[in-house]
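Chemist: Structure provided below as structure tokens; questions to follow.
The values are calculated or read from the model by the stated rules, or taken from the named source; none is laboratory data. The model shown is predicted, which means the values in this text are computed figures rather than measured ones. No Cβ is skipped: glycine too gets one built from the backbone with ideal geometry, and neighbour counts run over all protein chains shown. These area figures cover heavy atoms from the full protein model, side chains too; ligands, DNA and RNA do not enter into them. Shrake-Rupley method; radii C 1.70, N 1.55, O 1.52, S 1.80 Å.
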Amino acid sequence: MKRSLVLYFLSEFFLSFGIGIIQYAQPFFYASAHIGDEKIGYLFAINAFCGGCSALIVGPIADRFGASRMFKIGTLLIGVGDLGSSVGYAWPLWMGTAAIAGVGGSMLTSTENVVLSSLMVGRERSHLISRFTALYMFLIGAGIVCGGFLVLGVGLQWTMILGSLIALVAPVIRFFVKAPDSRREKVLQVPSKPLMFMASYAILFGIAGGLFNQFATLILSERYHATTSTTSIVYAVSIFMVSIGSFLVRPLIQKLKQQATLLLAFILSAVSMLLFIVAMSTGVFVGIYFLLTISTAVPPPIIDAMFLDFVHTSEFSQMFGMRVFGTRVGNAIGSSMGGGLLKGDHYDWLMLISSGFFIISYVYLQFIRRPLHRYRTERDESHGTSVS
């Protein structure tokens, strides 16, 4: 177990660092082919759509055949998709590789926390997931910074290729990771009540973030007239802020307890959105943006750990798949709404609606707590009866 855990974290260094390099270079690489903003948007939409849809079936398949297998295949597909997109300038090629990388991303995000939890049995899940999130977000941020220097030194295409090759070291290492899998008998199974609750919450939280996150650098550039170098630095630092927010989960829970930590995080997120309305300078906007990034990074590890306590081990991968699906759907809805609001010059309404969805997300979590506890009690009693 210790050997597999060391290999897991070693592989994560290569994967996340490589992904960070690709994340920085890819939009500029697409733009260098002069395909237009609309087609670039389609490529990212293909990635998100394929990832979101495949997450619905990836989870159940992983629960049937083993999360550790899907975890390794997903890691490989991400690297293969990104490498494929970097070897040429062809629209059909990029559509295919965007789909491959999207499917790989859903396979990985549906299983990585399941595999990690199985390798660290007995550790508090919110602590485990939050520290792991802090690690890989820090590595992605470091990759973004490195990507900026690589582009200046070797150009966009070679930066993409190098980032992909670094990411492809990860599946080689993960081949040797041995993790125990909890498997169920059927692949197709109607999602349980906690899984439906998870998907519903993820949609609401995804809308709240999607309304603003996709347009943050655009707003910074157009509304506050920030330079390209400034927006790129802000974007890179925001990734490190996610890492900080995830790292703070454990000390906040120890100080305030779980529910108080969630309440604080959602209040700060909602208030931050409202503060954007009155931000009069670039510095104030960036400060609020960093506060928002930290506060929105706190709930996910706590929510993931909470739902893991309510579902059977044979449903873990499906649960994360439902979360990925819900988040992608929510982001798509939020991005569509946000784009329409900005196009109509309704900046204040965008911030108000996003703030409202953060509040709605928290209220929904409180609303489903009792049904979740009741479901677990009934499940445990039923299991006890069947055993006796």
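Chemist: Using Cα pairs closer than 8 Å and at least 6 residues apart in sequence, work out the relative contact order for the chain, in percent.
Modeler: Working: 608 pairs, mean separation 106.3, N = 388.
Result for the chain is 27 percent.
Chemist: Still on this model: Counting only protein heavy atoms and using a 1.4 Å probe, what share of the accessible area of the chain belongs to carbon plus sulfur, as a whole percent?
Modeler: 69
Chemist: Rounded to the nearest 10 Å², what accessible area does Met70 show when all protein chains are kept and the probe is 1.4 Å?
Modeler: Counting only protein heavy atoms, Met70 exposes about 20 Å² to solvent.
Chemist: In what sequence, largest accessible area first, do Thr282, Thr111 appear using a 1.4 Å probe?
Modeler: Thr282, Thr111
Chemist: Where in the chain are the DSSP H helices whose alpha-carbon span along the long axis reaches 18 Å or more and whose Kyte-Doolittle mean is at least 0.0?
Modeler: Flagged H segments are 2-31, 37-65, 67-86, 91-119, 125-154, 193-213, 228-247, 258-278, 282-297, 316-343.
Chemist: Can you give the accessible area of Glu315 in Å² (nearest 10), computed on protein heavy atoms with a 1.4 Å probe?
Modeler: Taking all protein chains as shown, Glu315 has close to 10 Å².
Chemist: Which value, in Å², gives the accessible area per residue of the chain when a 1.4 Å probe is used on the protein heavy atoms?
Modeler: 45
Chemist: Which one, Pro171, Pro301, Pro180, has the greatest fluctuation when you compute a Gaussian network model over the chain with C-alpha springs under 10 angstrom?
Modeler: Pro180
Chemist: Report the residue, chosen from Ile35, Ile333, Ile161, that carries the largest GNM mean-square fluctuation when the chain is represented by alpha-carbon nodes joined by springs under 10 Å.
Modeler: Ile35
Chemist: With a 10 Å radius around each residue's Cβ, average the other Cβ atoms per peptide and rank 74-86, 356-368, 140-152, 98-110, highest first.
Modeler: 98-110, 74-86, 140-152, 356-368
Chemist: Take Leu162, Leu15 and sort them by solvent-accessible surface of the protein heavy atoms, 1.4 Å probe, largest at the top.
Modeler: Accessible-area ranking of Leu162, Leu15, largest first: Leu162, Leu15.
Chemist: At 222 nm, what value in deg cm²/dmol follows for the chain if DSSP H runs of at least 4 each add -39500 (n - 2.57) and the sum is divided by all its residues, to the nearest 500?
Modeler: Computed ellipticity for the chain at 222 nm equals -29000 deg cm²/dmol.
Chemist: Suppose the Debye formula is applied to equal point scatterers at every Cα of the stretch 1-106; what is log10 I(q)/I(0) at q = 0.10 Å⁻¹?
Modeler: Reported log10 I(q)/I(0), two decimals: -0.32.
Chemist: Largest first, what is the accessible-area ranking of Trp91, Trp349 with a 1.4 Å probe?
Modeler: The residues order as Trp349, Trp91, largest area first.
Chemist: Sticking with this one: Averaged over all directions, how much area does the convex hull of the C-alpha atoms of the stretch 263-358 cover when projected, in nm²?
Modeler: Directional mean of the projected Cα hull area for the stretch 263-358 stands at 6.8 nm².
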